[in-house]
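In what follows, a single structure is set out as structure tokens and then discussed.
The values are calculated or read from the model by the stated rules, or taken from the named source; none is laboratory data. Just so you know, these numbers come straight off a predicted model, no measurement behind them. So basically every Cβ, Gly included, is an ideal-geometry build from the backbone, and we count neighbours across all protein chains shown.
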Amino acid sequence: MNSAAIFVIQQPMILRDREEIMLQCNKNTYNHGDISGTNFAMESAYVLNQLIISAIVVTCFICTKTIVDSLRRRNARLTLVIIGAGPIGLTSMLVAARCGRVSRIVLYEELSKLTLFNKPHQIALDVKSVHFLKRLGVDFDNIEGCWDSGCFYTRLGVFQEYMLTTVPKLGAAVDLRLGTKFTRDSLRDLEKIDGRKLVLACDGSSGQAARLLGLSDEFAQHSCRAYGAVAALDRPDECQIPMPERLMHNLHFDLTAYGAETSEVDGYQGFSFKVFGTSRHRFMSLSIPKCESPQVKSLRTVLDRSMMRNIFLKCFNTYKADSEPRLSDPIAVKHMKFSPRLFEVKLSQRLETSAYFQDSNMFVLAEGEAARCYNIHTGMDVNVGIKGLMGLSSFISLACVVDSEHAILQALLQKNKDADRICRDFIKAGLVEYHMLKTCL
């Protein structure tokens, strides 16, 4: 009994122990779940903190890089090297001095200062070129010359003297190397200059700078859909006075005395005649839209120097300025040089006018007649080159900061597009714009 009682009594104790164990297990289970939840919350907070810190670091990096890039772009400068001190080279120097992106300007010119200042030939700046130069600060009131219909006429040496004395006063660091020809040794010196460089070949159609700098010598010939002839007359007894041009349109000539049948002129546009230059150095041009009129055929095929000389002689005496002396036959024979017959007017365009050389960190551009030229003297030839400089300031600003291959390529492509546009515009209407023709075909 006692034993049974004891058994009976002990059985509930065992159950109680089991219940306590179960309660303790449940309690431990609940505590473990709380700990896991706490760890998860802590891990989530840690990850969130890391993300916030990373975002702050990335934001600070981007802001710092943006500020540094902005400062770098704002303070970026380059060295500009100009080869040729003609109107295009000197205008380029003025553009560079005004744009504020050039730390130093180096000018190479083969001729001496005295030779430059005594150049006798006349240049004519059209209305667009005058406005462009005025925006650059050119004071035409302090340049010897004359005005006519918004165009400015002056002697080349006078213009060069004004530019060479004015630009150094603008505060830019200018290194004038007059009487110094640009050679391969000069190219080696140029490559030693630290930082980015922009080199402009402005030494004319017969210059060799573009080739020395690595640009191709290949040119494309474009027809301007016109025929022309030119004449030059030197009169040593006259003074070097700039004179406005004189022009006449729709002229026809009687060439029957030379055995040419030229009586049929109906339906054909006549010739345009133009006189320009200083009073001492006079130039004449004869031009006509491309056609097959009897007169054009005769003047293109008949090689009779007296025929073309007499045409220029008669036209000059008829349409010259009232203050000019007449041109006699002996003077014409002795002092006048002229085209013996009509030729096709063409524009020559250099196929490669811009390049970038990574090893020397150098941009190279051809400007003026080194980039494009034509085979007839219009009296306003300089204006085609000045058109090419109207975007030079923007290109200098862009060349200072471009650093990737894609950005450099885009800058060069834009420059090439501008060069092609200038050529297309001249082919389309250049002879009319420069008063060589009355209307386009």
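Would you check if Asp194 is among the acidic types (Asp, Glu) and more than 30 Å from Leu156 (Cβ to Cβ)? Spelling it out, Asp194 is indeed among the acidic types (Asp, Glu) and more than 30 Å from Leu156 (Cβ to Cβ). In the range 376-423, the residue that is surrounded by the fewest Cβ atoms within 10 Å (Cβ to Cβ) out of those that are small (Gly, Ala, Ser) and in a loop (DSSP other than H, G, I, E, B) is Ser404.
Counting only residues that are out of contact with any Cys (no Cβ under 7 Å at 6 or more places or on another chain) and of a type in the set (Ser, Thr, Tyr), the range 378-406 holds 3 of them. Out of the residues in the range 150-176 meeting the condition of being at pLDDT 95 or above and of a type in the set (S, T, N, Q), tell me which one is nearest to Met243 (Cα to Cα). That would be Thr154. Restrict the check to the range 331-346 and report whether at least one residue is assigned to a helix (DSSP H, G or I), closer than 30 Å to Arg246 by Cβ and of a type in the set (D, E, K, R). Yes. Of the strands (runs of 3 or more DSSP E) contained entirely in the range 168-267, those carrying at least 3 residues that are loosely packed, with under 15 Cβ neighbours inside 10 Å fall at 219-234. Does Ser360 satisfy the condition of being closer than 24 Å to Gly84 by Cα and in a helix (DSSP H, G or I)? So Ser360 fails the test. You will find that of Arg282, Arg341, Arg300, the residue that is surrounded by 21 or more Cβ atoms within 10 Å (Cβ to Cβ), charged (D, E, K, R), assigned by TED's automatic domain parsing to the domain that holds Asp234 and within 40 Å of the chain's Cα centre (by Cα) is Arg282 and no other. Of the set (1) more than 30 Å from Cys291 (Cα to Cα); (2) of a type outside the set (Val, Ile, Thr); (3) touching a helix residue (DSSP H, G or I) at 6+ places or on another chain (Cβ under 6 Å), all apply to Cys400 but (3). The condition of being modelled with pLDDT of 95 or more and among the charged types (D, E, K, R) holds for only one of Glu352, Glu367, Glu292, that being Glu367. Within the range 211-234, which residues are out of contact with any His (no Cβ under 7 Å at 6 or more places or on another chain) and under 18 Å from Phe316 (Cα atoms)? Answer for the range 211-234, where residues must be out of contact with any His (no Cβ under 7 Å at 6 or more places or on another chain) and under 18 Å from Phe316 (Cα atoms): Gly228, Ala229, Ala231, Ala232. Take the range 365-375 and flag every residue that is hydrophobic (A, V, I, L, M, F, W, C) and buried (at least 23 other Cβ atoms within 10 Å of the Cβ). The answer is Leu365, Ala366, Ala370, Ala371. Taking the criterion of being of a type in the set (D, E, K, R) and in contact (Cβ under 8 Å) with a residue 60 or more places away in the chain, the residues of the range 163-207 that qualify are Asp175, Arg177, Lys181, Glu191, Arg196, Lys197, Asp203. Listed conditions (1) crowded, with 20+ Cβ neighbours inside 10 Å; (2) over 17 Å from Leu365 (Cα atoms) are all met by Lys428, apart from (1).
On the given criteria, is Phe312 in a helix (DSSP H, G or I), modelled with pLDDT of 90 or more, farther than 23 Å from Cys146 by Cα and not assigned by TED's automatic domain parsing to the domain that holds Cys146? For Phe312, the condition - in a helix (DSSP H, G or I), modelled with pLDDT of 90 or more, farther than 23 Å from Cys146 by Cα and not assigned by TED's automatic domain parsing to the domain that holds Cys146 - is met.
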